[in-house]
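Each remark here refers to the structure printed beneath this line.
No value in this document is a laboratory result; all are computed from the given coordinates. All figures in this text were calculated on a predicted structure; none of them were measured in a lab. All Cβ positions, glycine included, derive from the backbone under ideal geometry; neighbour counts span all protein chains shown.
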Amino acid sequence: MRIACFDCFSGISGDMILGALLHAGVDPQAWRAALDQLQVPGYDIAISTVKKQGISAVSVEVKLHEADTGHGRHLSDIAEILERSQLPEKVRHRALAVFTRLANAEAKIHATTPEAIHFHEVGAVDAIVDIVGACIGLEMLGVEKVYCSPLPYNSGWVECAHGQMPVPAPATLELLSGFTLRFDPRNEELITPTGAAILAEFVERDAQGHVLGFPPLRLLNVGYGAGRRDTEQPNLLRLCLAEELTPADLERAGHTL
């Protein structure tokens, strides 16, 4: 079974996920062609190879033709964009599920309903591309299960549509229910709402909703997605593409669980 394991040593964001998927083997031309079926105008995608502390990675940047703040875009608007697209049903379903998680998290924080939520930053074109692009990339790689490492929990402040918010942003933290968190001393946003929502939708969980750690696996390929900031530590997301091993596989290899 093909699995994707996200090693989030420097956090996670939508664009870092896209870069890691492309670096791990997603064909850029086929991926762009699939995104074109979204039929959302007004943007270009810049894909480049960069280095962070000497480690080669892929950077993905969505460049808007005009500023798009996303004000006034609701969950129903996102659903309409996805429904009228030519994307496969599975991709549309998973992308809408990610946005629904975002709406539910925001609604809980602001004591309102998901339908009343204005998506602000996460409703902008670049976030739509990040979320749909991630769903497309995972599908192209044939990924059946997703796992992630413990996530960094730190402090600081981030500017958003509602003003300054503590890091992690309240909606981000709401999305991380069930995840294992580890303290990180860095004073900057390491996990974005988009990155958290994508993980929350895809990761494997136990019966209690706790996010599972990496299983025994056979490594197939590794991809690195670059964050935009240059930091003291490599601002990268590592994706391990692998085959999940069964007890029978381990027994044949001379190991037991």
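Here is what passes the span test in the chain: the DSSP H helices with alpha carbon length of 30 Å or more along the helix axis and a Kyte-Doolittle mean of -1.0 or above are 89-110. Show which lysines lie in cross-link reach of LYS51 when reach means a straight Cα distance below 28 angstrom and same-chain residues fewer than eight apart are skipped. Correct list for LYS51: LYS63. For LYS145, a cut-off of 16 angstrom between C-alpha atoms picks up these lysines, skipping any fewer than 8 places away in its own chain: LYS90. Comparing PHE214, ALA248, SER13 along the charge dipole axis of the range 2-252, the residue lying farthest to the positive side is ALA248, per the Cβ-charge model. Only helical runs count toward this figure. For the chain, summing -39,500 (n - 2.57) over DSSP H runs of n ≥ 4 and dividing by all residues gives -10500 deg cm²/dmol at 222 nm.
Straight-line cross-link partners of LYS52 among the lysines, defined as a Cα under 17 Å from its Cα and at least 8 positions apart when in the same chain, are absent. How big is the gap, in Å, between the Cα center of the range 155-209 and the Cα center of the range 76-116? Between the Cα centres of the range 155-209 and the range 76-116 lies a distance of 18 Å.
Just to confirm a number: summing +1 for Lys and Arg and -1 for Asp and Glu over residues other than PHE202 whose beta-carbon lies under 9 angstrom from that of PHE202, what do you get?
Numbers: positive: ARG94, LYS145; negative: GLU201, GLU204.
Charge balance in the 9 Å sphere: 0.
Net charge dipole, the chain: roughly 460 debye, given to the nearest 20, about the Cα centre with Cβ charges of +1 for Lys and Arg and -1 for Asp and Glu. Per-residue packing, averaged as other Cβ atoms within 10 Å, sorts the ranges 55-64, 193-202 into the order 193-202, 55-64, beginning with the highest.
Here the translational diffusion coefficient of the chain follows from Stokes-Einstein with Rh set to the Kirkwood radius across Cα pairs; for 37 °C and 0.692 mPa s it amounts to 176 µm²/s. If R0 is 25 Å, the Cβ-Cβ spacing of PHE183 and GLN53 corresponds to a FRET efficiency of close to 0.70. Under the criterion of Cα pairs below 8 Å and six or more residues apart, the relative contact order for the range 107-189 equals 29 percent.
Remark: relative contact order (the chain) = 34 percent; criterion is Cα-Cα distance under 8 angstrom and separation of 6 or more residues.
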